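Novice: Questions regarding the structure given below will be posed in turn.
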């Protein structure tokens, strides 16, 4: 099973620059501006999201297990 945790790890003194940390099976820091969070979700964002969820479903599972999991549906609550 894959695990990823996204945490807001820093905010600049002006409040417009954010740093996010990704930990778990993948580790990375990502910086963005606050304005980026208010932009509409694009088709490209959705494709990337689906790709990550599918890869996480496959992690540590056989193809048959991952297929069954994905066919049952995966819900992400925030």
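The values are calculated or read from the model by the stated rules, or taken from the named source; none is laboratory data. Just so it is clear, the structure is predicted and the values come from calculations on it, not from any experiment. Cβ coordinates were reconstructed from backbone atoms using ideal geometry, including for glycine residues, and neighbour counts include every protein chain displayed.
Novice: Quick one: in region 62-78, which of the residues that are in contact (Cβ under 8 Å) with a residue 12 or more places away in the chain and under 20 Å from residue 5 (Cα atoms) is nearest to the chain's Cα centre (by Cα)?
Specialist: Among those residues, the one meeting the criterion is 76.
Novice: If you scan region 20-73, which residues turn out to be outside the structural domain of residue 10 (by TED's automatic domain parsing), surrounded by 11 or more Cβ atoms within 10 Å (Cβ to Cβ) and closer than 27 Å to residue 9 by Cα?
Specialist: Answer for region 20-73, where residues must be outside the structural domain of residue 10 (by TED's automatic domain parsing), surrounded by 11 or more Cβ atoms within 10 Å (Cβ to Cβ) and closer than 27 Å to residue 9 by Cα: 45, 48, 49, 50, 52, 53, 54, 55, 56, 57, 59.
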